[in-house]
Amino acid sequence: MSTAARTTWLRELIRKPYFWGVVAILALLLLNVLKDPNYLALTVNPTNGNLVGNVVDILRASAPILMIAVGMSLVIATGGIDLSVGSVMAVSGAVAMVFMKDAGQSGSLGVALGAIGLALLVSAILGVVNGVLVAYVGLQPFISTLIMMLAGRGIAKVITEGQNTSASNESFRWIANGFMFGLPVVFLIAIVIVIIVGLVVRRSALGLMIEAIGINPKASRMAGIKPSGLLMTVYILSAVLAGVAGIMSVGTVMTVDVSRTGYQMELDAILAVVIGGASLAGGKFSIGGAVVGALLIATLDKTIVFLGISSSATPAFKAIVIVVLCLLQSDRVRGWFVQRRRPPIVRPEPLPAEPKKQEVPA
């Protein structure tokens with residue numbers, strides 16, 4: 001690769017929003033390494049052969065964020081937003097815990113699969129409600145999903161009778177705490193789901209139609225695209241993925257806390273999507289960028305805990321990192337630095353004008 005081609009490739013890479021997300025992840029990991037040189041060390045548990053370390057913990061923590069970030073990417077690409085993903089996580093976890101508690105049989109795989117299926121079914125129904133309100137009733141997505149965000153917590157409290165509910169099922173616990181090929185099962189499941197969704201939306205016309213709705217709904221309708229069906233699809237998918245995230249979250253401790261499960265996760269999902277380069281105005285999304293954003297949010301959360309930052313200062317620290325990252329993604333901000341680096345343009349002085357010849361009268 002020639003120097004000019006390498007320079008062009010580097011410039012194009014820097015312009016990618018997810019590039020700065022990767023840089024931020026590396027910077028946070030470096031910050032942790034400076035405090036503890038063994039932070040990135042991975043060890044093998046001699047009893048089961050699983051990998052153990054801080055990186056593994058980050059991968060496990062990123063799985064629920066990956067789920068809601070991917071669903072949020074598709075919703076935002078249509079020009080909408082889904083504020084109900086955190087509440088849907090709580091409902092999904094509540095349904096799963098109550099089902100397993102009533103069913104008993106702590107080691108039964110069938111009970112675990114039944115709990116997962118019922119939780120995802122209820123999540124899909126909540127997605128249908130969001131989709132109907134947006135696509136057919138015509139409410140603003142912000143208002144529709146805000147209603148579900150408030151109602152979802154109430155539904156979860158009704159399901160659990162207002163109490164933190166615990167259950168015991170080793171098959172269900174294995175989903176969140178188990179290992180496969182030395183890696184957390186929950187992370188592998190999240191990656192498989194992300195790959196499937198990415199292939200479906202990018203290897204078919206679905207992704208282009210979703211972006212077309214976000215760019216111009218009227219023009220897309222004139223081109224033969226039916227926005228109502230696509231809007232229903234993305235809101236149902238977002239809710240189902242939020243339900244998967246809820247199962248992952250409660251499976252870690254086998255307890256659902258209605259007030260804490262999924263709390264403010266919708267904000268993390270939106271941040272992950274924006275970090276990945278999606279436009280909140282719609283018409284643009286990146287599944288790979290959402291993955292980078294989710295990994296950054298998980299790394300940032302673990303870094304805050306590792307550095308011992310107080311809970312009162314945590315939001316400020318998190319906000320500073322996100323603001324700096326968004327500034328680095330801005331073309332205008334990068335343009336200021338480029339202009340400062342350019343050497344001043346030296347313009348040649350104009351040549352003196354020749355004196356006009358006086359005409360001699362005849």
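The values are calculated or read from the model by the stated rules, or taken from the named source; none is laboratory data. Keep in mind the model is a prediction, meaning the values are calculated, not measured. Every residue, glycine as well, gets a Cβ built from its backbone with ideal geometry; the counts of neighbours run over all protein chains shown.
Of note:
- If you check L42, L74, L109, L139 for being over 30 Å from E170 (Cβ atoms) and more than 19 Å from the chain's Cα centre (by Cα), only one passes: L139.
- Of all the criteria given as (1) over 21 Å from V321 (Cβ atoms); (2) over 15 Å from the mean Cα position of the chain (by Cα); (3) not aliphatic (A, V, I, L, M), the one not satisfied by K302 is (1).
- Within region 163-202, being part of a helix (DSSP H, G or I) and closer than 16 Å to A61 by Cβ holds for I175, A176, N177, V185, V186, F187, L188, I189, A190, I191, V194.
- Residue in region 192-212 that is farthest from I76 (Cα to Cα), counting only those that are within 15 Å of the chain's Cα centre (by Cα), crowded, with 16+ Cβ neighbours inside 10 Å and among the aliphatic types (A, V, I, L, M): I193
- Tabulated pairs, region 219-239, first more than 14 Å from I76 (Cα to Cα) and of a type in the set (D, E, K, R), second part of a helix (DSSP H, G or I) and at pLDDT 85 or above, C-beta under 8 angstrom, 6+ apart or interchain: R221/P227
- Out of A245, A278, sole residue that is part of a loop (DSSP other than H, G, I, E, B) and buried (at least 21 other Cβ atoms within 10 Å of the Cβ): A278
- Cβ-Cβ contacts under 8 Å between residues 6 or more apart (or on different chains), taken from a first residue in region 178-198 that is farther than 9 Å from N50 by Cα to a second residue that is of a type in the set (D, E, K, R) and in a helix (DSSP H, G or I), are listed as V186/R60; F187/R60.
- Within region 45-86, being closer than 30 Å to L31 by Cα and free of Cβ contacts under 8 Å to residues at least 12 places away in the same chain holds for N45, P46, V52.
- Residue in region 117-134 that is buried (at least 24 other Cβ atoms within 10 Å of the Cβ), part of a helix (DSSP H, G or I) and touching a Pro at 6+ places or on another chain (Cβ under 6 Å) present: yes
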